[in-house]
Amino acid sequence: MAKKGKTTFGLVVGCRGFFPDRLAKEGREAMIKHLKAQGHDVVVLGPSQSKHGCVETFEEAKACAELFAQNAGKIDGIIVTLPNFGDEKGVAEAIKRSGLDVPVLVHAWPDDLDKLSIQYRRDSFCGKLSVCDNLRQYDIPYTLTSLHTEAIDSEAFAMDLASFAATCRVTTGLRGLRVGAIGARPAAFNTCRYSERLLQGSNISVETLDLSEVIGRAEKLKASDAKVRAKINAIRKYVKSDGVPQAGLERLARLAVVLEGWVTDNEISALALQCWTSLEEYYGVVPCAAMSMLSEKLVPAACEVDVCGAVAMYALQCASGTPSALLDLNNNFGDDPDKMIMFHCSNLPASFLDNPEMSFNSILGGTVGQDNAYGTVTGAITPGPATMLRVSTDDYEGEIVGYVAEGQFTDDRIETFGGRGVLQIDDLQFLLRYICETGMEHHVAVNKAHVGDGIAEALNTYMGWDIYQHE
């Protein structure tokens, strides 16, 4: 996964000789200092490689391209900054010739009203238009700042930079993602259908494993095995489990060892698992806690073999650097049109919950027996910001689609079982109508951070998906 909170940017400092190159020199130095102060790394031409370390001429564009190509494994995104008008052709040539296929942010410095003489004026406002025109001609996708010109010490640029860094992490993370799909989806859940071919078209691979192999490998492990004993201790430290029978803990630990081993051996970054009812009937445990622990360790695990749900969980995780969960859009909250109850049985990461506790699955327990249904991680979701994301493969249109929305988990409390919380979203009824009219699934990935802008930009502009952003 892309680095949490830290991104390496290739920096292109545009300059045009008709305008004061002193501004380009000062702007380059200030931008490098600012990016490093925010914890990011920078790859940029030095003053010995081009005039002031900027890009204007064809030779400087080639030098920048070569530098970027040499650091292709490091660079997550490119920032184009225009301290003066900038040479639009030089910028486009540098990016195109580098061969990098990463997000590009176009930033222009603002002019001061009392500094519009020939010695001080930037004209970056105009230069940005020309740069974007050329990037479009060169077929280079790009991202814009929220304001046309922004001072780098402004709140607007701080928010745009954070959002762009998230966009870079999501784009980098999804390209080459390997998702594990274990078992078959529940027969009644057509909502968990998906197209492997469409995902592969976005360089997302799905590696499958039959559930019988998981059960067989788990059955072969002995409770006395050192890995199993260590996993039991890890489970007890992870979540309160006093009420869980020892036999249930041992079965859960053996399952967790098998799952984590397969994930490691196959370089799996996200997982979707058949969680009912075969495991309960033929092995005697629900896998929720094992999945919860994986998600907490930033290997998101989705239930009911919801592969697209796992992809969405991973995208959110890349954006925020924190665990994601998969939840049902489950109940109305009284007559409040902007609130709904989010729920799962649950395999939510423990960090989502207030005083999480391991219990048995109340839904399945009546069918397979309570002793075969231990392993859920239950509790109330703590209040705070939230972003929810759904991606889906649309076979009729041959594209990946979805929606993203930001909201807030409230401190409303509901008396029920499982992992649950109340999510408030402005104009929720419009979003629910959109979900129904477009045939989106009842599952949604959720992360406890506001990263909607970065997600939408990554998936629409750079992954080429069709994602509706609810605002």
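The values are calculated or read from the model by the stated rules, or taken from the named source; none is laboratory data. A quick note: this is a predicted structure, and the numbers were derived from the prediction, not measured. Positions of Cβ are backbone-derived with ideal geometry, glycine not excepted, and every protein chain shown enters the neighbour counts.
Observations, loosely collected:
- The residue that is nearest to G421 (Cα to Cα), among those in the stretch 376-389 that are crowded, with 24+ Cβ neighbours inside 10 Å and of a type outside the set (S, T, N, Q), is I381.
- If only residues of the stretch 118-133 that are farther than 13 Å from V80 by Cα and not hydroxyl-bearing (S, T, Y) are counted, the one that is surrounded by the most Cβ atoms within 10 Å (Cβ to Cβ) is R122.
- Here is the figure for the stretch 147-164: residues that are in contact (Cβ under 8 Å) with a residue 24 or more places away in the chain, of a type in the set (D, E) and either at positive phi or loosely packed, with under 14 Cβ neighbours inside 10 Å (or both) total 1.
- Every residue from the stretch 355-365 that is within 11 Å of V377 (Cα to Cα) and either surrounded by fewer than 22 Cβ atoms within 10 Å (Cβ to Cβ) or among the aliphatic types (A, V, I, L, M) (or both): N355, E357, M358
- Residue within the stretch 94-117 that is surrounded by 14 or more Cβ atoms within 10 Å (Cβ to Cβ), part of a helix (DSSP H, G or I), touching a His at 6+ places or on another chain (Cβ under 8 Å) and not small (G, A, S) present: no
- Candidates G17, G39: the one that is touching a Lys or Arg at 6+ places or on another chain (Cβ under 6 Å) and surrounded by fewer than 15 Cβ atoms within 10 Å (Cβ to Cβ) is G39.
- Test: residue in the stretch 203-219 that is modelled with pLDDT under 95, part of a loop (DSSP other than H, G, I, E, B) and in the same structural domain as C308 (by TED's automatic domain parsing): no
- Scan of the stretch 152-194 for residues that are closer than 15 Å to V307 by Cα and part of a helix (DSSP H, G or I), ordered by number: L174, N190, T191, C192
- Verdict on K96 being within 25 Å of C318 (Cβ to Cβ) and within 27 Å of the chain's Cα centre (by Cα): no
- When the criteria are applied in full, K220 fails the requirement of being under 30 Å from A30 (Cβ atoms) and not aliphatic (A, V, I, L, M).
- Among (1) over 25 Å from C345 (Cα atoms); (2) under 27 Å from the mean Cα position of the chain (by Cα); (3) surrounded by fewer than 21 Cβ atoms within 10 Å (Cβ to Cβ); (4) of a type outside the set (G, A, S) - the single one D225 does not satisfy: (2)
- Candidates are the residues of the stretch 416-455 that are part of a helix (DSSP H, G or I) and in contact with a strand residue (DSSP E or B) (Cβ under 6 Å, 6 or more places away or on another chain); the one that is surrounded by the most Cβ atoms within 10 Å (Cβ to Cβ) is I455.
- Tabulated pairs, the stretch 316-336, first under 16 Å from M291 (Cα atoms) and in the same structural domain as G384 (by TED's automatic domain parsing), second basic (K, R) and surrounded by fewer than 18 Cβ atoms within 10 Å (Cβ to Cβ), C-beta under 9 angstrom, 6+ apart or interchain: T322/K4; P323/K297
- Note on the stretch 281-303: among residues that are of a type outside the set (A, V, I, L, M) and crowded, with 24+ Cβ neighbours inside 10 Å, the one that is farthest from V377 (Cα to Cα) is P300.
- The set of residues in the stretch 118-151 being part of a loop (DSSP other than H, G, I, E, B) and among the aromatic types (F, W, Y) consists of Y120, Y138, Y142.
- The combined condition, being assigned by TED's automatic domain parsing to the domain that holds P20, farther than 19 Å from I32 by Cα and in contact (Cβ under 8 Å) with a residue 24 or more places away in the chain, is not fulfilled by D101.
- In the stretch 171-222, the residues that are out of contact with any Asp or Glu (no Cβ under 9 Å at 6 or more places or on another chain), closer than 25 Å to I455 by Cα and polar (S, T, N, Q): Q200, S202, N203
- Hits in the stretch 51-91 (condition: small (G, A, S), surrounded by fewer than 23 Cβ atoms within 10 Å (Cβ to Cβ) and in a helix (DSSP H, G or I)): G53, A63, A65, A69
- Residue in the stretch 238-245 that is surrounded by fewer than 13 Cβ atoms within 10 Å (Cβ to Cβ) and either assigned by TED's automatic domain parsing to the domain that holds L209 or in a helix (DSSP H, G or I) (or both) present: yes
- Residue check, Y194 not assigned by TED's automatic domain parsing to the domain that holds V305 and not β-branched (V, I, T): no
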